[in-house]
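Single-structure report; data block below.
The values are calculated or read from the model by the stated rules, or taken from the named source; none is laboratory data. Computed from a predicted model, the values in this text were never measured in an experiment. All Cβ positions, glycine included, derive from the backbone under ideal geometry; neighbour counts span all protein chains shown. Quick note on the areas: whole protein, heavy atoms, side chains included, nothing else; ligands and nucleic acids left out. Shrake-Rupley method; radii C 1.70, N 1.55, O 1.52, S 1.80 Å.
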Amino acid sequence: MRTPSGKVENPFSARFVRPGAIPYIFPPGCSLESVYEVFLGNQRLGAVIGPHGAGKSAFITALTDWMETNKQPCLRLELHDGQRTLDQTTWQQLEALHDTVVTVDGYEQLSAWSRYQLRRVCRKKHLGLIVTAHSDIEIPLLYAPEPNEDLAWQIVQYLLARGDALITREDVQVSFSRHQGNLREMLFDLYDLYEVRRTLQSDQSVLDAHPQH
Amino acid sequence: MARWFRLFEKKRGNRRTGSEKIAGMWEGVFFGALFLLGCFGFWLTISLFVLPEWWVNRDFRPVPARILETRVGSTVRDGQTLYRPEVCIEYKVAGKIYRLWTYDIHTVQGNGYSVDKDRVSRTLERFHAEEIITCWYDPRNPEIAVIDRGFWWWAWLVLLIPLSFVILGAGGVSYHLWRWGKSAERLAVQGRPLSLSFSADPDAAMYPFVPEIPSRMGQPGTHLPYRLPVLGAPYRAIYAWLAAALCWNIAVLGFALGTYYAGRFDWSFTLFLLPCLVIGLTLLGAFFRQWMAASAVGETIVEISDFPLLCGHRYRVYLKQTGWLRINWLEMLLVCEEEATFQHGTNTRRECRRIWQKTLWRHERFEILRSVPFETETDIEIPHGMMHSFRSPHNEVRWRLYVRGNAQDWPNFERVFPLVVLPGPDRDRKPDLRPGREVVPAQTSGNEQVEERVTPGQTSDARS
Amino acid sequence: MTEPRILIHFEGKKTVYEPGEVLAGQVRIEPAPLQDIKAIELSILWYTDGKGDQDLHVRYFRRWSQDGDLPLELGEPLRFQTVLPQTPLSYDGLIIRIRWCVRVRIFRSRGRELVEEVPFRLGRVAPARVKLQ
């Protein structure tokens, strides 16, 4: 909900921080175009490797959006909760595809057999394949996000544009350090901090308006 | 789109497909098969090892025998040569002379082989030709005789393997038989219980997105009208520890036996085995502790004067705690929590935040005896202006009663009882719209009064 | 060409409603004429916000269009009316918020679609403040 001033109540709400909601910020010298060139050079295979909360899902979402904007059809697959295989409908869908890039978020959760089957189908149908994983896998490395404090602060500044400047750079440094570079957990942590400060600010405004109370 | 019926179910993300009944049936079949396999293995072990030895030790009679010859018997099984001690003896029973190659009852049955030739040779060194020893013969069939009795200790350990299958299988089958024929509403506390408005359509429901009355509310209380269901059960933890202990110990036992009969049992293997045994004993200990804790703590029963609850109203709550315990402290809390679920990429992140909590009572240092359970009653009030119970696919506001305690020599225990809280009629005393409660405006002159009529079979809630 | 503005008015100029109360109002699009508007959709809905995935439920929906069931009469305000449900009430929690609003969406033959949303409160649930006794 927007306040009368047009700002959102908490810019760290889930809908503002989920993958795709924040434009992906690349380190200097790197861009979606350059990553796509690497992907083509790897025979249209690529793995995005990084620890929890590093921004793998956000990156793959950004890359897929860019490819679709540039008329490269994509099929997005997102695996959850230890999903070990793809369902029948997805396999049928893969068999029917042509000249498409398949993105799999959570590739390493698939069983070895499912992963083999997926690679085989992609090879047979000449499909591109981009996956995310937490550690090295059998697919060549495409991109490895490495969040740092500067990046974390850039993301927070982008979010704070929707709200009030209640989070400082020091807050970001402390939270980023506490969560050991896990951006997702850092943003959820800042949600709570923003909420507390917003409440205090609101209570203070009420007191200022009614000093006799 | 029509879909062919699956006999198995698949998990797709957070959704499951297929029939729960069929799944339950297959689970029951699995446990039944486990049980039958265990019974068969148990029978096999008993009949091949335990019973013959017992029979020899109980029924066979002694008679002097002369050793004629000794040898190392051998056979080839699965490409491996196996050995056993064989002694040729001569003895007389009822005037008839018998001569046979024997050693123990397993030899007589055609078994008794092992890979350890050295051990077999050492065994035979005790016997010399022309020596007179005692043999034991079967009085019903004197042609059968042995010169070595006693029990193979490991046969009793081997019995544990099929026994574990029997226990697991029986437990699983019993559980499924207990579940069978019961609707999901009767089984799961947070399953699909009775609807407050008998409609699954949120637009038709009287209280949309309020979690529905737990189905076990159909069970009346003995002290107050409604008995609250308890979330979860300690039995899952017990079964889990049992399964872990059995699996681990069986694996270790099997590995040890296999190594022993392969002739590779030496000091280095013993060093490896010791920590495995310690882990196995620890798991067994954990299982027994859980089981005894569940037995000692007993059942926690909570009953309430009315259900569902309304904000701003007061209710009577009754607690009965059974068991056999020396309680250090026992308390009951009324709690309101928020839970938000966020699926981000490959992870599901669930966060729970307690926003309101009140300790209703706390008792310290007393005893609960088997024949004298602890009972107490108290009032609870859902404060006016609080949020009602709410549940949507990813967000929930819930009210619960917690009963927590600590007893001497036992770990802390906790029982959770879900509540359903509706928005209360406001202070202008607008109608109570809970099902079964019809409000009839009374004809009065002057001030408007509202008379509440309660459907027979229900009780009115205590007003503050 | 001036961008159209969406003006949503509640009858009685209320912002807080009680469960079971009638929410009524009208929507005007200014400035007229509105030749390039293909359709207008109005929803009365609630949604969650906070640390969990957003849940949303539309309580009331109307669509006016040139070729639909409800004709789009240019120049006339679009009226809406519904009885608000008993639950869920508007809520300000620690990690969950529940918001009610009237949302209007305009689909145009040229240009991007426009959205306007006006919140209102259902019920009088106090904001959550952690209280552990």
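A few remarks follow.
- A:H52 vs. criteria open to solvent by 10 Å² or more (accessible area, probe 1.4 Å) and either among the acidic types (D, E) or more than 26 Å from A:Y158 (Cβ to Cβ) (or both): no
- Matching option when the condition is part of a strand (DSSP E or B), in contact with a helix residue (DSSP H, G or I) (Cβ under 9 Å, 6 or more places away or on another chain) and either more than 9 Å from chain C (Cβ to nearest Cβ) or open to solvent by 10 Å² or more (accessible area, probe 1.4 Å) (or both), among B:R316, B:R349: B:R349
- When the stretch C:114-133 is filtered for residues that are part of a loop (DSSP other than H, G, I, E, B), closer than 22 Å to C:W46 by Cβ and not basic (K, R), the ones remaining, listed by number, are C:G123, C:V125, C:A126, C:P127, C:A128.
- Subset tally (residues that are facing another protein chain (nearest Cβ under 10 Å), part of a loop (DSSP other than H, G, I, E, B) and surrounded by fewer than 20 Cβ atoms within 10 Å (Cβ to Cβ)) for the stretch A:87-109: 1
- Within the stretch A:60-86, the set of residues being in contact with a Ser or Thr (Cβ under 8 Å, 6 or more places away or on another chain) and in a helix (DSSP H, G or I) comprises A:I60, A:L63, A:T64.
- Boolean, B:F374 is in contact with a Ser or Thr (Cβ under 9 Å, 6 or more places away or on another chain), among the aromatic types (F, W, Y) and at pLDDT below 85: no
- Taken over the stretch B:266-295, the criterion of being within 18 Å of B:Y239 (Cβ to Cβ) and not polar (S, T, N, Q) is satisfied by B:G280, B:L283, B:L284, B:G285, B:A286, B:F287, B:F288, B:R289, B:W291, B:M292, B:A293, B:A294.
- Of all residues in the stretch C:23-68, those that are outside any strand (DSSP E or B) and touching a Phe, Trp or Tyr at 6+ places or on another chain (Cβ under 8 Å) total 5.
- Hits in the stretch B:408-425 - residues which are of a type in the set (A, V, I, L, M, F, W, C), modelled with pLDDT under 90 and open to solvent by less than 40 Å² (accessible area, probe 1.4 Å): B:F413
- Screening B:L334 on (1) at the interface with chain C (Cβ under 10 Å from one of its Cβ atoms); (2) modelled with pLDDT under 95; (3) in a strand (DSSP E or B) shows it passes everything except condition (2).
- Hits in the stretch A:60-72 (condition: more than 14 Å from every other protein chain (Cβ to nearest Cβ), in contact (Cβ under 8 Å) with a residue 24 or more places away in the chain and either within 12 Å of A:L129 (Cα to Cα) or open to solvent by 60 Å² or more (accessible area, probe 1.4 Å) (or both)): A:D65
- When residues in the stretch C:70-103 are screened for being at pLDDT below 80 and over 16 Å from C:S43 (Cβ atoms), 6 of them pass.
- Scanning the stretch B:352-378 for residues that are assigned to a strand (DSSP E or B) and among the hydroxyl-bearing types (S, T, Y) yields B:T359, B:T376, B:T378.
- Residues (without any contact (Cβ under 8 Å) to a residue 24 or more places away in the chain and assigned to a loop (DSSP other than H, G, I, E, B)) located in the stretch A:31-59: A:S31, A:Q43
- Just one residue in the set A:P19, A:P27 is open to solvent by 60 Å² or more (accessible area, probe 1.4 Å), at pLDDT below 95 and closer than 22 Å to A:G181 by Cβ; that residue is A:P27.
- Hey, B:F342 over 30 Å from B:E381 (Cβ atoms), within 14 Å of chain C (Cβ to nearest Cβ) and buried (at least 20 other Cβ atoms within 10 Å of the Cβ) or not: yes
- Across the stretch B:352-365, the qualifying residues are those that are within 20 Å of B:E299 (Cα to Cα) and open to solvent by 40 Å² or more (accessible area, probe 1.4 Å), and the one among them that is nearest to the other protein chains (Cβ to nearest Cβ) is B:R362.
- Residue within the stretch B:432-448 that is within 14 Å of chain C (Cβ to nearest Cβ), open to solvent by less than 70 Å² (accessible area, probe 1.4 Å), within 21 Å of B:Y315 (Cα to Cα) and modelled with pLDDT of 85 or more present: no
- With respect to the conditions (1) more than 12 Å from A:G128 (Cβ to Cβ); (2) modelled with pLDDT under 90, A:H98 falls short on a single one, namely (1).
- On the stretch given as the stretch B:26-41, residues that are over 13 Å from B:S174 (Cα atoms) and at pLDDT below 80 total 1.
- Hey, A:D203 part of a helix (DSSP H, G or I) and either closer than 19 Å to A:A21 by Cα or at pLDDT 90 or above (or both) or not: no
Residue by residue, here is whether (1) without any contact (Cβ under 8 Å) to a residue 24 or more places away in the chain; (2) more than 14 Å from chain B (Cβ to nearest Cβ); (3) on the phi > 0 side of the Ramachandran plot holds:
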| residue | (1), (2), (3) |
| --- | --- |
| A:L151 | no, yes, no |
| A:L159 | no, yes, no |
| A:G163 | no, yes, no |
| A:L166 | no, yes, no |
| A:E170 | yes, yes, no |
| A:R184 | no, no, no |
| A:T199 | yes, no, no |
| A:L207 | yes, yes, no |
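- Here B:D379, B:D428 are screened, and the one residue that is modelled with pLDDT of 90 or more and exposed (fewer than 14 other Cβ atoms within 10 Å of the Cβ) is B:D379.
- Among the residues of the stretch C:8-52, the ones that are more than 14 Å from chain B (Cβ to nearest Cβ) and open to solvent by 40 Å² or more (accessible area, probe 1.4 Å) come to 15 in all.
- Qualifying residue in the stretch A:7-15 (condition: touching a strand residue (DSSP E or B) at 6+ places or on another chain (Cβ under 6 Å), open to solvent by less than 50 Å² (accessible area, probe 1.4 Å) and part of a loop (DSSP other than H, G, I, E, B)): yes
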